[in-house]
């Protein structure tokens with residue numbers, strides 16, 4: 001196999017072209033990361049805010065469901081003398097409303113809890129927890 005000899009002048013020309021290309025590329029690439037960051041940052045912030053709002057809504061929903069269960073339990077064990085709104089407030093906090101329905105030997109409890117609405121009303125302003133118990 002015969003090896004071809006490369007012209008040294010051609011190697012120097014390629015080296016100069018390569019160095020010019022690299023310097024041009026680096027010179028025109030300045031600030032690209034800053035521009036990309038400025039473009040992506042608002043989208044990342046919106047996603048983070050929506051996720052935090054949804055996490056808050058889930059936490060309030062869970063405490064609202066716990067409040068409904070506590071009210072139903074207290075009404076079944078303690079009788080009709082128990083104050084359902086006070087029980088719900090002790091479990092889920094202020095701003096809670098409770099409604100009770102006695103029908104066909106069952107106690108239906110619905111507790112409504114306010115949630116701080118997020119941007120664009122993506123997150124509900126109110127969540128509800130329900131519980132049903134057998135009235136004795």
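Table for the structure above
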item	result
Residue tally, condition modelled with pLDDT of 85 or more, in contact with a helix residue (DSSP H, G or I) (Cβ under 7 Å, 6 or more places away or on another chain) and more than 21 Å from residue 61 (Cβ to Cβ), over region 77-106	0
Scope region 76-113; condition closer than 16 Å to residue 66 by Cβ, touching a strand residue (DSSP E or B) at 6+ places or on another chain (Cβ under 6 Å) and outside any helix (DSSP H, G or I); matching residues	95, 96, 97, 98, 109, 110, 111, 112, 113
Residues within region 39-57 that are surrounded by 10 or more Cβ atoms within 10 Å (Cβ to Cβ), over 9 Å from the mean Cα position of the chain (by Cα) and free of Cβ contacts under 8 Å to residues at least 24 places away in the same chain, tallied	4
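The values are calculated or read from the model by the stated rules, or taken from the named source; none is laboratory data. The shown structure was predicted, so the numbers you read here are calculated from the model rather than taken from an experiment. We place every Cβ from the backbone using ideal geometry, glycine too, and count neighbours over all the protein chains shown.
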